[in-house]
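For reference, the structure discussed in these notes is given below.
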């Protein structure tokens with residue numbers, strides 16, 4: 001899966017071929033969460049609560065949701081994905 005960021009050891013992924021709504025995955029190798037980009041609503045989650053909270057704090061930082069949205073559009077077009085700071 002294309003990794004667009006790593007937050008506290010958790011990979012942030014935008015997956016090619018995903019269906020709407022626009023979302024990203026947080027994957028620590030054993031557990032994962034799917035999170036809507038626009039609202040940061042958690043769709044699915046098996047991450048520990050503290051890990052999920054760190055991911056949501058990161059996602060709320062200025063510019064991250066916009067960057068994730070751009071990468072989602074790129075993934076829909078099967079374009080290479082960039083890193084989100």
Rounded tilt (10° steps) of 49-60 against the dominant C-alpha axis of the chain:
40
Tilt of helix 64-76 relative to the longest C-alpha principal axis of the chain, in degrees (0 to 90, nearest 10)?
50
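Just subtract the alpha-carbon distance of residue 61 and residue 45 from 0.36 nm times their residue separation and send over the number in nm, one decimal.
Working: separation 16, 0.36 × 16 = 5.76 nm, distance 2.07 nm.
Additional length available on full extension: 3.7 nm.
Every number here is computed from the coordinates shown, using simple stated rules; none is lab data. Remember, it's a predicted structure, so these values are computed and weren't measured experimentally.
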